[in-house]
Amino acid sequence: MPLVMYIHYVYIIQRGALALLVSTNRAMREPLGCGASEKQQLHVSFCTCRKELELLTTAEGAGWIYRRFMTEQGLKSNAGFVYSTLIAFCLALVIMSLVSCHDVNCLPDSHFTDDGCLKEEPDSSMILTMPSEVKFFLEASGSMNGLYRPGCQTEFRDDVYQIVSYYLSDKDLVYTLCSDNGKSGYQMSLREFASAIKTQGFPTMGTTSITDMIETVISNIDTLKNQVGVLISDMKFDPNGKDDIAYQLGMYTTKVSHITSESKLAFSLVAATTKYYDNQGGVVADKSPYYFLIMGKPENVAKVRDDISTMLMVNNNYVENIETGMNYGGPKYELEKVRNCMKMGKQPTFTDVDADSPCRIKLILYLDNYRWLMSSEEAIRSTFECKMIHGSKVDIDSIKVDSLYKDSENNLKRSIKASIYMSISDFQADCDVLEWTFNPCKIDGAVGDFNLFYGANSWKEFNKTYSIENFLQGLFRAAHLSTCSKKPNYVLISTH
């Protein structure tokens, strides 16, 4: 057999050893401290043992080939020398292959370790928390008569009773605000409230002040005990007299701003609609707006906002919610591979990318913490930004939003997630880093469908809300606005 044939066999054996070692190196290159699973640990152990076995087999195979060659050539006396030389040659090639293997973070980029682990954890997100107690305060002024009208069934009656009874037990009290400009009223048990809201209606009297009612609610909740207050009202400002109405509305806006700023609380306003009846029992408006103003600590307010809005949504009476004073923190998210890449454990790192083809990944944003306007694709596109740090190209292919309002046991529970599909291409190096941010605070003051109720010239326009735009202006003129993490998030994309 010619010598060149024997050398060819040695080359094949060496290539097999290199392929095995590259595979083993890929399996081992994610440190166990970066979140490798138990399955990955077992795989690493298996590959390590197999590597040793294959090296031995390779050396023995190479020796067999050269012993046969030397025998045929009658050079047995030199076999030992050639055999030793061949083993050294193979081992040198193996060592060279290991040394030449590149790190996952081949740039290197400062946000990741050499083996692809994120150095600094992203900011944590706000956790929605059920409050220890929810206190309800119902406005019972003259403008609310059409909602409480005895003998007239309204969506208001059904929704308010469902929401109040969801949180309260028989021993808890419901408060009404109907005198002294809304600073006082009367209280009733849940049983008494059920009778009043379903059949009898409430005694309504005089006028109330929105700002006085808000101050009353604030003074009656203890946020250190995780209590939340909810004012149920039509939110209609009643100017005293007919003179200087523009001035009075301006002062109303300023006072709303002052109260909400000084309280240091989070506020969420949830809008709903109902029928409104006149004195003769006729329907004046099919979609008359009313509101739930929720006050307390951010994580408690967000939880109650979700619960109330979900119940209204299921009953087809929900319109919109808006909020301020929240502390959202960073976004809660996950990453998944789609095409031309491998996800490295729990790290924001994708490997084994073929640089000649686009790498496609999916970013899943969990939106439960945020106001419901954020569940639209338009809102996500206006608050989400991404770029490649080192010159590659990234495109947002599509955004898909999935919404659920009940869990597997048919209990009310909102779950919203947005899947953002992105393609990375035109690699300028073997690695690049995707930087992305999500800042819902950019549209904090967007009114959404609240503008359906703008433009009323009198509190007697029952399909709109007189002065609601002034209230919202005051709410977002306050110094205590919502905050979001501005810290960027990073994803390593590597061809190694």
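Yes or no, residue by residue, for (1) under 27 Å from Phe112 (Cα atoms); (2) in a strand (DSSP E or B); (3) open to solvent by less than 50 Å² (accessible area, probe 1.4 Å):
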| position | (1), (2), (3) |
| --- | --- |
| Asn410 | no, no, no |
| Gln428 | yes, no, no |
| Val433 | yes, yes, yes |
| Ser458 | no, no, yes |
| Phe471 | no, no, yes |
| Lys486 | yes, no, no |
| Ile493 | yes, yes, yes |
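All conditions but one from (1) modelled with pLDDT of 80 or more; (2) touching a helix residue (DSSP H, G or I) at 6+ places or on another chain (Cβ under 7 Å) apply to Ala79; the one that does not is (1).
Close contacts from region 134-154, counting a first residue that is under 13 Å from Thr208 (Cα atoms) and a second that is part of a helix (DSSP H, G or I) and open to solvent by less than 10 Å² (accessible area, probe 1.4 Å), with Cβ to Cβ under 8 Å and a gap of 6+ residues or different chains, come to Phe137/Met213; Phe137/Val217; Leu138/Val160; Glu139/Met213; Ala140/Tyr148. Pairing residues of region 333-351 that are free of Cβ contacts under 8 Å to residues at least 40 places away in the same chain with residues that are among the small types (Gly, Ala, Ser) and loosely packed, with under 15 Cβ neighbours inside 10 Å, at Cβ distances under 9 Å and at least 6 apart in sequence or on separate chains, gives Arg339/Ser357; Asn340/Ser357.
Considering only strands (runs of 3 or more DSSP E) fully contained in region 282-340, which possess at least 2 residues that are within 25 Å of Pro440 (Cα to Cα), of a type in the set (Val, Ile, Thr) and open to solvent by less than 30 Å² (accessible area, probe 1.4 Å)? By residue number, 318-324.
The criterion of being in contact with a His (Cβ under 6 Å, 6 or more places away or on another chain) and of a type outside the set (Lys, Arg) holds for Gly325.
Under the condition of being aromatic (Phe, Trp, Tyr) and in contact with a Pro (Cβ under 8 Å, 6 or more places away or on another chain), the residues counted in region 417-446 number 2. Pairing each residue of region 197-215 that is of a type in the set (D, E, K, R) with any residue that is open to solvent by 30 Å² or more (accessible area, probe 1.4 Å) and at pLDDT below 80, provided the two are 6+ apart or on different chains, yields C-beta distances under 9 Å for Asp212/Asp180; Asp212/Asn181; Asp212/Lys183; Glu215/Lys183. Is it the case that region 354-377 has a residue that's part of a helix (DSSP H, G or I), over 23 Å from Lys135 (Cα atoms), small (Gly, Ala, Ser) and out of contact with any His (no Cβ under 6 Å at 6 or more places or on another chain)? Checking region 354-377: at least one residue is part of a helix (DSSP H, G or I), over 23 Å from Lys135 (Cα atoms), small (Gly, Ala, Ser) and out of contact with any His (no Cβ under 6 Å at 6 or more places or on another chain).
Thr437 - would you say it is buried (at least 17 other Cβ atoms within 10 Å of the Cβ), in a loop (DSSP other than H, G, I, E, B) and among the polar types (S, T, N, Q)? Taking the combined requirement at face value, the residue does not satisfy it.
The values are calculated or read from the model by the stated rules, or taken from the named source; none is laboratory data. Quick caveat, the model's predicted, so the values are computed rather than measured. Please note: Cβ atoms are built from the backbone with ideal geometry, for glycine as well, and neighbour counts cover all protein chains shown. What goes into the accessible areas is simple: the full protein's heavy atoms, side chains included, and nothing from ligands, DNA or RNA. Shrake-Rupley method; radii C 1.70, N 1.55, O 1.52, S 1.80 Å.
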